[in-house]
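Written out below as structure tokens is the structure these notes cover.
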Amino acid sequence: MGSISDIIERLDPYTGIIVLAFAVLITIFAGFSKNNGIRISIIIINALAYAAAFYLIIYSFVEYGPRDGFLASVSLPELILSCIILFIGLNVLLFISISRFSDDSFIRIVILLTFSLIPVLSLIMADNMIFIFTAFALAILSIFTLISSLDKEIAGSGEAIGKFGIRTILPAALIFLGSSVLIGAGGAKNLSGYGSIESAADPLLLISAIVFACALYLYFFLYPFQGPYLKMARRISGGAVSVLWFLYMPAGIIMLIKFNRFFNIFIEENNIYAFIIITVFAFINLFGAGIGAIRAMSLKRILSMFLLFEIGTIVLIRSAGSTDIISSCFTGYYDLTVLIIILIVFLPLQLLIMLLEENTGKDIIAGASGLIYKNAYIGICTIIFFLWWIAANIYIFPFEKFISRSGLMSYGPHGLVLFIGYIMALLLMAANIFRVILVFFKKLPEMGEAKKYAVPRIFYAYISVFVMLALSVLILIIIGKMDIGQDHIKIWGSSFDIINSGN
């Protein structure tokens with residue numbers, strides 16, 4: 001046992017990545033086998049690899065604590081993000097296994113999925129600027145390749161995927177440009193070397209911050225650049241959508257968290273200008289997502305708008321960070337919270353959309369008609385997720401501060417603008433939610449009687465786990481056993497400091 005611990009210590013913090021690499025190597029030997037037994041074995045091997053990587057990452061952190069090296073930096077935020085990505089990988093593996101198990105290219109798709117997790121995990125722990133860019137570029141390339149492989153034979157998806165791929169080249173190029181300017185201007189090769197307020201006085205560093213911000217804005221396909229994202233989300237299959245939502249989007253959030261302290265230096269130094277610019281962009285995306293969801297008829301497109309709303313919330317959090325509503329060093333915590341909300345709500349909803357599309361043959365909102373009558377349990381669970389999403393978005397943004405103080409003007413006009421604007425945008429999204437719920441109660445779909453959809457039994461167990469998770473979080477908060485503060489998570493009396501242990 002001691003020798004195993006020594007090996008883990010020497011390989012730390014790359015143990016999880018090495019396990020995934022071995023899983024890829026083993027899966028390659030399966031070739032393009034059409035044998036169902038071999039395919040099931042491949043699913044089990046990769047699922048066990050994700051679980052083993054999950055365990056080893058936690059074990060290494062508990063045993064050896066935070067690490068800060070030349071290339072990598074590992075602390076509690078990196079641990080949480082790594083576990084989230086592996087959890088996402090396990091869920092996406094399930095989605096792909098359900099939707100593409102009989103495809104000739106199934107094993108190749110599994111290889112691409114496992115390989116895609118490697119650069120994302122590398123990005124989480126990367127601190128060296130060259131390592132960050134390399135991991136980011138490989139993550140984009142592998143995710144794009146995975147999406148292309150999932151939908152290469154689906155009519156109408158090729159052009160949308162091609163435009164998506166062309167647009168993803170620009171963020172990587174801008175990250176490369178910003179990294180080059182950063183290294184040339186400051187001399188330090190590690191991102192943690194640019195954490196002082198003196199950095200704000202260097203115009204070259206300000207230029208690099210602007211370049212990085214533009215790269216991430218384009219990466220998320222935020223308004224007015226949302227076209228390729230929305231077209232592809234509507235035209236690709238369910239398995240590819242899960243990769244887009246739960247690998248591509250989280251990779252961008254991870255990148256944003258990584259640059260959080262660097263951005264905050266310039267936001268604090270130029271708070272009034274930063275507040276105006278960031279707030280305008282945030283509200284454009286929040287209200288754009290709400291209006292776009294109202295106009296959409298595609299279920300995938302509607303949920304794509306909800307994800308864009310969450311990204312808009314992350315942008316708005318930067319506005320609050322430029323005032324005294326939120327301390328700017330805590331914005332990364334809120335990004336992490338938003339990511340967890342996305343997983344709890346949208347993972348089960350994505351699988352439901354896949355099953356509805358498979359049953360009806362269409363990706364339209366009318367396909368959910370009669371759901372509450374013919375699949376009451378699934379319909380009720382879906383409504384719980386939507387309502388929980390509203391409550392969670394109210395909770396993560398610090399509205400309680402407005403109520404607990406002397407009034408809405410406690411934070412001045414800045415706080416009032418953010419408070420009213422976000423409430424209005426959230427109400428717009430709530431209107432979209434009730435629009436969807438009304439369709440659930442519609443007895444007759446567009447054509448014919450509402451049918452009882454053939455939903456696999458495993459989906460009932462799957463959705464039940466997420467419902468219990470969502471309700472457990474809600475109950476713990478209500479009874480006071482869970483306290484989610486600006487710099488910590490407290491559960492049953494144990495407090496976990498998130499921010500001070502990170503970059």
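Tell me, in nm to one decimal, what length is gained between Ile58 and Ala431 on full extension, where the rule is 0.36 nm per residue of separation less the Cα-Cα distance? Please report the intermediate quantities before stating the final value.
On the way: separation 373, 0.36 × 373 = 134.28 nm, distance 4.10 nm.
In short, 130.2 nm is gained.
Kirkwood hydrodynamic radius of the range 207-337 from all distinct Cα pairs, in Å? Can you show the working numbers first?
Values: mean 1/r = 0.0661 Å⁻¹.
Across the range 207-337, the inverse of the average 1/r is 15.1 Å.
Per the Kirkwood formula on distinct C-alpha pairs, the Rh of the range 261-342 is how many angstrom?
Details: mean 1/r = 0.0752 Å⁻¹.
It is 13.3 Å.
Once both labels are modelled 7 Å past Cα along the beta-carbon direction, what's the Arg457-Ile291 spacing in nm?
About 4.9 nm, to one decimal.
Roughly how many nanometres apart are two label points built 7 Å out from the Cα toward the Cβ at Glu358 and Leu71?
According to this spin-label approximation, the distance is 4.0 nm.
What spacing in nm lies between the two simple spin-label points modelled at Leu48 and Lys34, each 7 Å away from Cα in the Cβ direction?
In this crude label model, Leu48 to Lys34 measures out at 2.8 nm.
Which order, highest average first, do 287-297, 82-92 follow once you tally other Cβ atoms within 10 Å for each residue and take the mean per peptide?
Output ranking for 287-297, 82-92: 82-92, 287-297.
Tell me which residues come under 5 Å, amide H to amide H, from Val74 once H is placed; ignore anything under 5 positions away on its chain.
Result for Val74 returns Arg67, Asp68, Gly69.
Read phi for every residue in the range 415-426 and hand back ³J(HN,Hα) as whole Hz from Karplus 6.51 cos²θ - 1.76 cosθ + 1.60, θ = phi - 60°, with x for Gly and Pro.
With the stated coefficients, the range 415-426 comes to x, 5, 4, 5, 4, 5, x, 5, 4, 5, 5, 5 Hz.
How many angstrom lie between the C-alpha centres of the range 266-315 and the range 370-388?
27 Å
With N set to the number of residues, divide the alpha-carbon radius of gyration of the range 4-108 by 2.2 N^0.38 Å and report two decimals. Could the numbers behind the result be given before it?
Numbers: Rg = 15.6 Å, N = 105, 2.2 N^0.38 = 12.9 Å.
The reported ratio for this selection is 1.21.
Using a 1.4 Å probe over the heavy atoms of the protein chains, calculate the carbon and sulfur portion of the accessible area of the range 241-304 as a whole percent.
Values: 1390 of 2080 Å².
Ligands and nucleic acids excluded, carbon and sulfur reach 67 percent.
With a Förster radius of 22 Å, plug the Cβ-Cβ distance of Phe22 and Ser105 into 1/(1 + (r/R0)^6) and report the FRET value to the nearest 0.05.
Working: r = 22 Å, r/R0 = 1.00.
FRET efficiency, Phe22 to Ser105: 0.50.
The values are calculated or read from the model by the stated rules, or taken from the named source; none is laboratory data. On a predicted model such as this, the values are computed, not experimentally measured, just so you know. In this analysis, Cβ positions are derived from the backbone assuming ideal geometry, glycine residues included, and neighbour counts consider all displayed protein chains. Accessible surface areas use protein heavy atoms only, side chains included; no ligands, DNA or RNA. Shrake-Rupley method; radii C 1.70, N 1.55, O 1.52, S 1.80 Å.
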